[in-house]
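Below are the structure tokens for one structure; questions will follow.
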């Protein structure tokens, strides 16, 4: 059964991530605000991927445009997916 998780990223341009997932697979990602082209591309790339694979690829990416320089929208997506794993006991 598909579920939707809404995440509010911190210290980046994007304001909200809506992640639709089923089990341990990302089905769809919508990001509100941020670098539109890049985030649309990331959204398409992660569709159909296992949550653990997305986390391993995106965790720790830094963006000089973020408020602290210590995170990025992809890194924030990995944090959202970690929250899903914790909530779902995946």
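The values are calculated or read from the model by the stated rules, or taken from the named source; none is laboratory data. The model shown is predicted, which means the values in this text are computed figures rather than measured ones. Cβ placement follows ideal geometry from the backbone for every residue including glycine, while neighbour counts extend to all protein chains displayed.
Of everything in the stretch 5-26, what is in contact with a strand residue (DSSP E or B) (Cβ under 8 Å, 6 or more places away or on another chain), assigned to a loop (DSSP other than H, G, I, E, B) and closer than 14 Å to residue 72 by Cα? Give them in sequence order.
Correct list: 8, 9, 14, 15.
Let me ask something else. So, in the stretch 60-90, how many residues would count as being in contact with a helix residue (DSSP H, G or I) (Cβ under 7 Å, 6 or more places away or on another chain), at pLDDT 95 or above and within 20 Å of residue 23 (Cα to Cα)?
6
Is it true that some residue in the stretch 27-41 is in contact (Cβ under 8 Å) with a residue 60 or more places away in the chain, in contact with a strand residue (DSSP E or B) (Cβ under 7 Å, 6 or more places away or on another chain) and not in a strand (DSSP E or B)?
no
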